[in-house]
Amino acid sequence: MTTPYRPTLMFEVYRWAGTTPEQFREHYREVHAQLGKKIPGILWYETFLNEQPTPTWQAQERPRPDAYVIMKLESEEVLEEMRKTDEWRIAKEDDIGFASHSFSQRVERITWIADTEPVVVDDYSAG
């Protein structure tokens, strides 16, 4: 039996101009991630908060993102319908004042060495 293809999306997320990396992180943990977890059809959802985002916006170079987000979805149908859900709309509305823009792309996940100590959060307690 063939395993069904499950699309994986990766987002680069950039904070709203005029906010600090600390403000972005706090809002992401306390508000935005909680909204994202409610989007139907997500099998897993991980965020990598950049420890060295661009501190201030510069015209000379591309800024480093504040976060990388990866979501694996149940199916192509979920991917097609996801942006039509109320949960997606609410999460996108939260971007105002929090995230200035994001860039998403479909990616293929390859695990070379599995994490033996994964950080799993509910109310955020990363190690």
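Of note:
- Between the C-alpha center of segment 32-50 and that of segment 86-118 there is a gap of 6 Å.
- What the chain shows is 70 Å² of accessible area per residue, with the surface traced by a 1.4 Å probe over protein heavy atoms.
- Using only side-chain charges placed at the Cβ, +1 for Lys and Arg and -1 for Asp and Glu, the dipole size of segment 46-99 relative to its Cα centre rounds to 320 debye.
- Dipole magnitude of the chain about its Cα centre (Cβ charges: Lys, Arg +1; Asp, Glu -1), debye to nearest 20: 280
- The fraction of accessible area contributed by carbon and sulfur in the chain is 52 percent, rounded to a whole number (1.4 Å probe; ligands and nucleic acids excluded).
- Glu22 versus Val120: modelled label distance in nm, points set 7 Å from Cα along the beta carbon direction: 3.2
- Pairs of Cα atoms farther than 18 Å apart, the chain, %: 57
The values are calculated or read from the model by the stated rules, or taken from the named source; none is laboratory data. The model shown is predicted, which means the values in this text are computed figures rather than measured ones. Neighbour counts run over all protein chains shown; Cβ positions are idealised from the backbone, glycine included. Surface accessibility is based on the protein's heavy atoms, side chains included, excluding ligands, DNA and RNA. Shrake-Rupley method; radii C 1.70, N 1.55, O 1.52, S 1.80 Å.
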